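In what follows, a structure is listed as structure tokens, so that the remarks can point back to it.
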Amino acid sequence: QKEVEQNSGPLSVPEGAIASLNCTYSDRGSQSFFWYRQYSGKSPELIMFIYSNGDKEDGRFTAQLNKASQYVSLLIRDSQPSDSATYLCAVKRDGNNRLAFGKGNQVVVIP
Amino acid sequence: DTGVSQDPRHKITKRGQNVTFRCDPISEHNRLYWYRQTLGQGPEFLTYFQNEAQLEKSRLLSDRFSAERPKGSFSTLEIQRTEQGDSAMYLCASSLPLGSGGFNEAFFGQGTRLTVV
């Protein structure tokens, strides 16, 4: 079992719609959760982080964390063509120095 | 300070050659990380420095790989006797010290893309 799973394939959404991305993790000791956006050929860019169960909103982005079910999700509202990228889920265990990443989900926003 | 800086951005080398990459972290960040990313995969952790001390190394970091951060500022990652399987993007990231008042999220540099031919 991989430490962080992002299983869904490329996601195509029309401009203005909501894009929904899911991520599950295996280590119950994970305490910090991050969503990075990565444009093709570029480095990952942090867009959201969440530490507590529930929802966290930042602009058009909402991160949702459910530690009991070991999943974290990202919603992108009012999707824009500039949101077309790969979204990487990453988790970190307290006291651990590394981020464990999923393989990412590609999002394509269709004008 | 414009962020984490990596040099070179691209490197093409012949199999068997040695290569060295450099990373300059954000100036107030004492924590520095190296990751490797291959096509279609997320970054994989290689190693971690706190100041000049290398505190963690992944099993991915074979004997051919060595990383240093001699003065606790910039870091280098050297790969000896490169193999085609080493072709990847090598990413450096840095973060604030714990307890600094900020969140300890990692900020990534633009990466060095290595191609071994």
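The values are calculated or read from the model by the stated rules, or taken from the named source; none is laboratory data. Because the structure is a prediction, the values reported are computed rather than measured. Positions of Cβ are backbone-derived with ideal geometry, glycine not excepted, and every protein chain shown enters the neighbour counts. In case anyone asks, the SASA skips ligands and DNA or RNA and just uses the protein heavy atoms, side chains included. Shrake-Rupley method; radii C 1.70, N 1.55, O 1.52, S 1.80 Å.
Matching residues to (1) open to solvent by 80 Å² or more (accessible area, probe 1.4 Å); (2) assigned to a strand (DSSP E or B); (3) within 10 Å of another protein chain (Cβ to nearest Cβ); (4) not small (Gly, Ala, Ser):
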site: B:Thr2; (1), (2), (3), (4): yes, no, no, yes
site: B:Arg15; (1), (2), (3), (4): yes, no, no, yes
site: B:Ala67; (1), (2), (3), (4): no, yes, no, no
site: B:Thr76; (1), (2), (3), (4): no, yes, no, yes
site: B:Cys92; (1), (2), (3), (4): no, yes, yes, yes
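Per-residue answers, yes or no, for (1) hydroxyl-bearing (Ser, Thr, Tyr); (2) modelled with pLDDT of 90 or more:
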| site | (1), (2) |
| --- | --- |
| A:Gln6 | no, yes |
| A:Pro14 | no, yes |
| A:Ser26 | yes, yes |
| A:Gly29 | no, no |
| A:Leu46 | no, yes |
| A:Lys67 | no, yes |
| A:Ser82 | yes, yes |
| A:Phe101 | no, yes |
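Within the range A:84-106, can one find any residue that is crowded, with 17+ Cβ neighbours inside 10 Å, more than 14 Å from chain B (Cβ to nearest Cβ) and among the polar types (S, T, N, Q)?
yes
Looking at A:Ser52, A:Ser79, A:Ser43, A:Ser69, which is the one that is more than 10 Å from every other protein chain (Cβ to nearest Cβ), surrounded by 19 or more Cβ atoms within 10 Å (Cβ to Cβ) and not in a strand (DSSP E or B)?
Exactly one of A:Ser52, A:Ser79, A:Ser43, A:Ser69 is more than 10 Å from every other protein chain (Cβ to nearest Cβ), surrounded by 19 or more Cβ atoms within 10 Å (Cβ to Cβ) and not in a strand (DSSP E or B), namely A:Ser79.
Out of A:Ala63, A:Ala68, A:Ala19, I need the residue that is more than 13 Å from the chain's Cα centre (by Cα) and more than 19 Å from B:Gln37 (Cα to Cα). Which one?
A:Ala68
Of all residues in the range A:31-44, which are at pLDDT 95 or above and farther than 17 Å from A:Ala90 by Cβ?
Answer for the range A:31-44, where residues must be at pLDDT 95 or above and farther than 17 Å from A:Ala90 by Cβ: there is none.
Which ones in the range B:31-53 are surrounded by fewer than 18 Cβ atoms within 10 Å (Cβ to Cβ) and of a type in the set (S, T, N, Q)?
Those that are surrounded by fewer than 18 Cβ atoms within 10 Å (Cβ to Cβ) and of a type in the set (S, T, N, Q): B:Thr38, B:Gln41, B:Gln50, B:Asn51.
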